[in-house]
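One structure is given here, and the rest of the page talks about it.
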Ligand SMILES: [Zn+2]
């Protein structure tokens with residue numbers, strides 16, 4: 001489970017950095033900075049700066065995703081999809097979402113003229129990704145493709161060179177993975193449970209358990225049996241709720257995160 005957490009963490013950081021217009025990584029000890037702008041500062045030695053135009057960065061990013069995620073990233077079935085060829089934006093979107101796993105099979109970066117219709121398209125995209133989050137039929141790996149669509153909108157919204165701004169009444173929604181109640185949107189953790197369900201998690205014998213960080217600053221994750229004042233340890237990160245398996249881990253920014261296990 002730690003591997004999955006690390007992966008999601010890395011992915012979130014990657015997206016965050018990309019949203020801000022650049023990304024950086026360490027390559028055999030050399031710090032590499034890829035951006036469409038001149039870097040704000042040069043580190044003394046050991047930094048390789050690569051300046052690319054934005055379209056090239058998008059294309060490179062697509063290639064990186066393809067290599068990282070394997071075949072699900074290479075399933076784009078029509079890279080020539082052009083909104084102009086449809087009688088309306090809504091008929092275009094109906095066509096897209098009528099495809100199974102549309103979020104994996106189409107890429108927003110490959111749809112022609114998408115930027116010209118983005119104001120009309122944004123509510124439809126958000127509604128569709130919200131529906132996917134509510135149904136929660138995706139694997140954690142498949143979820144990265146849904147994030148990709150959401151981040152496409154977030155990124156355009158942050159780009160001050162265009163007029164598009166996300167309507168504040170449009171919100172990304174998320175739902176408890178047990179009772180389906182709406183909870184706060186946490187893109188990094190799509191299968192969380194709500195506070196009420198959190199108080200009902202048990203070991204496999206139906207005894208209530210709870211999890212805490214083991215150290216200050218939000219590090220570590222340790223289970224205990226409830227009402228033992230954290231004296232009786234529960235030495236597993238797997239817990240149960242209404243016949244389903246969940247896993248606990250330390251949150252990226254501290255605290256404990258409990259999500260539905262695949
Ligand atoms: Zn719940």
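Every read-out reported here was derived from the displayed coordinates using simple, explicitly stated rules and does not represent laboratory data. Note that the coordinates shown come from a computational prediction; the quantities given were computed from them, not determined experimentally. Using ideal geometry, Cβ is built from the backbone for each residue, glycine included, and neighbour counts are taken over all protein chains shown.
Observations
For (1) on the phi > 0 side of the Ramachandran plot; (2) over 25 Å from the mean Cα position of the chain (by Cα); (3) away from the ligand (no atom under 14 Å from the Cβ), each residue gets a yes or a no:
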| residue | (1), (2), (3) |
| --- | --- |
| 205 | no, yes, yes |
| 208 | no, yes, yes |
| 211 | no, no, yes |
| 216 | no, yes, yes |
| 225 | no, yes, yes |
| 245 | no, no, yes |
| 260 | no, no, no |
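- Helices (runs of 4 or more DSSP H) contained entirely in segment 74-191, each with at least 1 residues that are touching a residue at least 60 places away in the same chain (Cβ under 8 Å): 140-158
- Looking only at segment 142-183, and only at residues there that are closer than 30 Å to residue 199 by Cα and more than 16 Å from the ligand (Cβ to nearest atom), the one that is surrounded by the fewest Cβ atoms within 10 Å (Cβ to Cβ): 171
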